[in-house]
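Student: Provided herewith is a single structure, encoded as structure tokens, for subsequent inquiry.
What follows is calculated from the coordinates using simple rules that are stated; it is not laboratory data. Just so it is clear, the model here is predicted, and its values are computed rather than measured. Here the Cβ positions follow ideal geometry from the backbone for every residue, glycine too, while neighbour counts run over all protein chains shown.
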Amino acid sequence: MKGFGMALTLVAAVSSQAVMAKELNVVASFTVLADMAKQVGGEHVKVTSLVGPDGDPHSFEPSPKDSVALSHADVVIVSGLGMEGWMDRLVSASGYKGKVIVASQGVDTRSMEEDGKAITDPHAWNSAENGAIYASNIMKAFIAADPQDAPEIRQTGEEYVTRLKLLDSWAKTRFAAIPKARRHVLTSHDAFGYFGKAYGVTFLSPVGFSTEAQASASDVAALIKQLKALHIKTYFIENQTDPRLVKQIAAASDAKPGGELYPEALSPADGPASTYEMAFKHNVETIADSMK
């Protein structure tokens, strides 16, 4: 009977630990952040992305189910820097009372011009060095929300941060091997400013940081003139934007299609960019290959 009693005690202890084990309910504003959260939190998180694969985080319109998802969240993650203009209203409507984690906290921001005004470029994650900062901020938020599982979360988080720093070094080496005069790219909108600054690539686009912006006829004419002057022969579409305008500009400047890039939204699970790491590698390889 003594052995049976010890066995019961052991079962009770294991059951107690199982009950105590916590799975954080995490809501991220869009897929890039959702994947980062999964990579950092592993089995300790259940992650929902408000904007889905191939979705545009600029023009996203929340639905009642998004408000419900927020109301049940333990942690809410946004990129910040003006990226999710719809998020404050959604948080307020949902009744979520917890902290909203701004993953871009601590990045070295850059300015850009939008409609004649200087604004902060919100696309900071497109530099892998900044991606590592995002991951570190997410890790700290999860550790604070689930201190019981802190050692495991810290281990997976730090491993992920290391991978992103190695990706950053690899990208710098990849582009350094290409003559600077060839490092010019035409894309749908201005989402690659941090990428360009980090890796020495000049990006041209018909509209500004937001996919909701409209390019004027004079802007388009000036861009075509610039493309011809710089002898840019390749253009790229983006998975989350309407490609018609950039295709028209490319046709007028004799540029050829170079493929699809993933600056703001990951692909579905069966696509070529279903994680942040995959998307970053894809973007680097696709852009660099066009410069040969």
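Student: Starting from the alpha-carbon convex hull of region 21-168, give the projected area averaged over all orientations, in nm².
Tutor: 9.0 nm²
Student: So if each residue of separation counts as 0.36 nm, and I subtract the Cα-Cα distance between residue 158 and residue 176, what length gain in nm does that give?
Tutor: Once the chain is fully extended between residue 158 and residue 176, it gains 3.8 nm.
Student: Between residue 165 and residue 229, what is the label-to-label distance in nm when each label sits 7 Å out along the Cα-to-Cβ direction?
Tutor: Each label point is offset 7 Å from its Cα along the Cβ direction, giving 4.1 nm.
Student: By how many nm would the segment from residue 118 to residue 222 lengthen if fully extended, with 0.36 nm per residue of separation less the alpha-carbon distance?
Tutor: So the chain would gain 35.4 nm between residue 118 and residue 222.
Student: Whose amide H sits under 5 Å from the amide H of residue 238, counting only residues 5 or more places off or on another chain, with H placed in the peptide plane?
Tutor: 188, 261
Student: Over 29 Å between Cα atoms: which of 117/292; 46/197; 99/197; 38/97; 180/256; 46/172 fall into that group? Please list the in-between numbers first.
Tutor: Working: 117/292 36 Å; 46/197 34 Å; 99/197 31 Å; 38/97 23 Å; 180/256 20 Å; 46/172 34 Å.
Beyond 29 Å: 117/292; 46/197; 99/197; 46/172.
Student: Can you tell me the convex hull volume per residue for region 111-189, based on C-alpha atoms, in Å³ to the nearest whole number?
Tutor: In region 111-189, the Cα convex hull volume per residue is 121 Å³.
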